[in-house]
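Chemist: I am attaching a structure below and will ask some questions about it afterwards.
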Amino acid sequence: MKTTTQHLYARPFNGTKQRMTNHFLIFILALVGAQANAITIDFAQIPDGTLASANNPCAGTLNIQAENGHGVLADGLQYSLVWTEASIRNGALEALPTRGANDVGYYYSRVIANFLQPVTDASFSVFTWRPGVYSYIGEDGSGNVFRGSGHTAWDFTQVPGDWLTIDLDLPAGYFLTSFAINNGDPKPDDAAIWIRDIAFTPVPDSANTMPLLLFTCVCLLLAARHTASRSFHY
């Protein structure tokens, strides 16, 4: 009786084609990841004297409004607030009130940040002489709203250079839409706000990322089938 033996053997591996496939997949995955890179608005990189709103929208994502003001008595009877746009000074966004004519001895500052698209992992580095108040708003995909708040200083012992980095924490599934910082005091310096930087990560637009993700999955599947078909032969 003649016996036939079937051998299982590995065919030569085409390393060049496999490396090209791997490089292509890495490129596609990098494109997906690049859409969710963290952004830092570093005010030290912006020339002194630049108005807070001059670069809006910052990084195409953030609109900043920063003002300082003081209360005045018009005609000695009517109380009103006079606001002036803040600017960059000494490497920081500085909302520093100044004394004015007919002021009543109370000063204010405020910074409002509105994001043009949802963001996560947001924070800012701030300095105030006294505990100012910050607040922020987040939403989820169903329109539910989350609100958070806190203080910009722990006590009254801060000295210049004591920057406090505040993380705007949100529940899982929520994205940040805005935050605000407010301060006020009878002394102009104590009513001021200084911000060194703002950091955040934009949430990729699903309309743009989903086709790319689907394309990546198809490429991975085809690459796996191609590798399997060329590795073994019966």
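The values are calculated or read from the model by the stated rules, or taken from the named source; none is laboratory data. In this text the structure is predicted, and so the values were computed from the model without any measurement. When we count neighbours, we look across all protein chains shown, and the Cβ atoms used for this are built from the backbone with ideal geometry, even at glycine.
Chemist: So T50 passes all but one of these: (1) in contact (Cβ under 8 Å) with a residue 40 or more places away in the chain; (2) within 25 Å of the chain's Cα centre (by Cα). Which condition number does it fail?
Modeler: So T50 meets the others, but not (1).
Chemist: Collect the residues in the stretch 98-116 that are farther than 19 Å from H151 by Cα and touching a Gly at 6+ places or on another chain (Cβ under 6 Å), keeping them in residue-number order. Explain how you work it out, then say what you get.
Modeler: In the first step, residues of the stretch 98-116 are kept if they are farther than 19 Å from H151 by Cα; the result is 98-106, 114-116.
Result: V104, Y106.
Chemist: Which residue, of T157, T177, T128, is within 16 Å of the chain's Cα centre (by Cα) and of a type in the set (V, I, T)? I'd like the intermediate steps shown before the answer.
Modeler: On the way: T157 fails: within 16 Å of the chain's Cα centre (by Cα); T128 fails: within 16 Å of the chain's Cα centre (by Cα).
None of the other options fit; the residue is T177.
To keep it simple, each residue is scored yes or no on (1) among the hydrophobic types (A, V, I, L, M, F, W, C); (2) touching a helix residue (DSSP H, G or I) at 6+ places or on another chain (Cβ under 6 Å).
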{"site": "A95", "(1), (2)": "yes, no"}
{"site": "D103", "(1), (2)": "no, no"}
{"site": "Y107", "(1), (2)": "no, yes"}
{"site": "N114", "(1), (2)": "no, no"}
{"site": "S123", "(1), (2)": "no, no"}
{"site": "F127", "(1), (2)": "yes, no"}
{"site": "V133", "(1), (2)": "yes, no"}
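Chemist: Just one of V72, V82, V119, V133 is in contact with a Gly (Cβ under 8 Å, 6 or more places away or on another chain) and modelled with pLDDT of 90 or more; which is it? Walk me through it before giving the result.
Modeler: On the way: V72 fails: modelled with pLDDT of 90 or more; V82 fails: modelled with pLDDT of 90 or more; V119 fails: in contact with a Gly (Cβ under 8 Å, 6 or more places away or on another chain).
Within the list V72, V82, V119, V133, the selection yields V133.
Chemist: Just need a number here: residues in the stretch 44-64 that are farther than 24 Å from V119 by Cα and either buried (at least 16 other Cβ atoms within 10 Å of the Cβ) or among the basic types (K, R) (or both).
Modeler: The qualifying residues number 0.
Chemist: Can you tell me which residue within the stretch 65-104, out of those that are among the charged types (D, E, K, R) and in contact (Cβ under 8 Å) with a residue 40 or more places away in the chain, is surrounded by the fewest Cβ atoms within 10 Å (Cβ to Cβ)?
Modeler: Step one: of the stretch 65-104, the residues among the charged types (D, E, K, R) are 67, 75, 85, 89, 94, 99, 103.
Narrowing further to those that are in contact (Cβ under 8 Å) with a residue 40 or more places away in the chain: 67, 89, 94, 99.
Numbers: E67: 20, R89: 14, E94: 21, R99: 9.
My answer is R99.
Chemist: For the structure I just gave you, tell me whether G141 is farther than 22 Å from P57 by Cβ, among the small types (G, A, S) and surrounded by fewer than 13 Cβ atoms within 10 Å (Cβ to Cβ).
Modeler: Values: farther than 22 Å from P57 by Cβ: yes; among the small types (G, A, S): yes; surrounded by fewer than 13 Cβ atoms within 10 Å (Cβ to Cβ): yes.
Yes.
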